[in-house]
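Here's the structure, in structure tokens; my notes come after.
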């Protein structure tokens, strides 16, 4: 899984985008969290602390998994966009599948 984990994660993220199940960018991610739509939040490792703090503030006291995944350019490319600091996945089954692929493969789960 280590060799193919990364491409599979990004393939699933692209599938989620095509299914309309992502909220790309800091503002859209925060909005999805507030509305109760976010099932998984992916954050770029090179995103600014200010952006990540805004997202983490929205996530406080909410049982939404958070994962640091790649960098802004890679995260954006996976969903066919310019570099993004964060992406919320809004489909439960896709979020679950992404978490299964991420389990120990390419990400560091953020514990709070």
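A short reminder: the numbers here are calculations on the coordinates, not readings from a lab. Predicted, not measured: the structure shown is a model, and the values here were computed from it. With ideal geometry, Cβ positions are generated from the backbone for all residues, glycine too; neighbour counts draw on all protein chains shown.
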Original post:
In the chain, what % of DSSP beta bridges are antiparallel (nearest 5)?
Top reply: 75 percent
Subject >> 68, 55 arranged by Cβ crowding within 10 Å, fewest neighbours leading >> reply: 68, 55
Original post:
Sorted from fewest to most neighbouring beta carbons within 10 Å, what does the list 30, 35 look like?
Top reply: 35, 30
**OP:** Could you check the simple spin-label distance between residue 28 and residue 11, using points 7 Å along Cα→Cβ, in nm with one decimal?
**Re:** 2.3 nm
Original post:
Tell me, what does the Kirkwood hydrodynamic radius of the chain come to in angstroms if you use every pair of distinct C-alpha atoms?
Top reply: 13.4 Å
Subject >> the chain - mean residue ellipticity at 222 nm from DSSP helices (-39,500 (n - 2.57) per run, n ≥ 4, rounded to 500) >> reply: -15000 deg cm²/dmol
